[in-house]
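The values are calculated or read from the model by the stated rules, or taken from the named source; none is laboratory data. Computed from a prediction, not measured in an experiment: that's the story for all the values here. Using ideal geometry, Cβ is built from the backbone for each residue, glycine included, and neighbour counts are taken over all protein chains shown.
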Amino acid sequence: MDKRYYTDLHCHILPGVDDGATDMEETIKMLHKAYEMGVRNIIATPHYACGDKNAAPEQLEEIRRQVEKEALKISKHFNISLGNELLWSPDVIQAVKDKKALTMAGSRYVLVEFSPNDSYRTIYNGLRSFILEGYIPIAAHIERYEALQNREDRVEELVDLGAYIQVNIGSMVGGLFDSHARYLKKLFNKGMIHFFGSDAHDSDFRTCRFAECIDNIKKKVDVDYLAAVLYDNPELLYQDKYI
């Protein structure tokens, strides 16, 4: 993994499949923005929810190929892989087993989303269910879940369970009086955040901010651990190995 550049493993860049990029024109703008922000590897993670109308994996793969063609016009070192952001429900594991929903870049890793007001029991049991089926769950954007806000003990319990934690990198940025960002930095410095994502949905409002966010936080967090999260952990995911 080239340690000058970054991996964005939570991104809604595929056009016309969810609430992310509306068309290829917007996707291309998002690709340029990500490239400017130092990103060279993207795992596209369109939403998947049981009972909704979800794009089939075959359709997503065809769109991924089209998007990667555009990425390669920007740089021959710009890579696009596939995954899904899986909204937790008891049926979603079977959808993954049936290959209706995708793991991350073909690995055992899965990106799992919960509703903001889900109980801690729901979050814990959902992640545990994936682990028991042999998957490696990543809890998506944990800063959104009321049950985990200012509950370091609960986050630690999830990590001890065997789950990994993803944070939207923009949420790490905050001033002196931003208690939310301060809490995330505390978790980070205790080794309880494992992956960053942009969760980008467009090229303007919800966009990729990797480089500027890293510049903001690198003097406030453990730099050795920051390097592990930015480079080592994504490489282990691509290799389908545990962190």
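For segment 179-222, how many residues are part of a loop (DSSP other than H, G, I, E, B), of a type in the set (A, V, I, L, M, F, W, C) and farther than 21 Å from Arg151 by Cβ?
Let us first name the residues in segment 179-222 that are part of a loop (DSSP other than H, G, I, E, B), namely 190-194, 198-199, 201-209, 218-222.
With the extra rule that they be of a type in the set (A, V, I, L, M, F, W, C), the set shrinks to 192-193, 205, 208, 221.
Keeping just the survivors that are farther than 21 Å from Arg151 by Cβ gives 205, 208.
Of the residues in that region, 2 qualify.
Taking the criterion of being modelled with pLDDT of 95 or more and out of contact with any Ser or Thr (no Cβ under 9 Å at 6 or more places or on another chain), would at least one residue in segment 195-209 satisfy it?
No: segment 195-209 contains no residue that is modelled with pLDDT of 95 or more and out of contact with any Ser or Thr (no Cβ under 9 Å at 6 or more places or on another chain).
In a helix (DSSP H, G or I) and of a type in the set (Phe, Trp, Tyr): which single residue out of Tyr242, Tyr231 fits that description? Quick ask: steps written out before the conclusion?
Working: Tyr242 fails: in a helix (DSSP H, G or I).
Result of the check over Tyr242, Tyr231: Tyr231.
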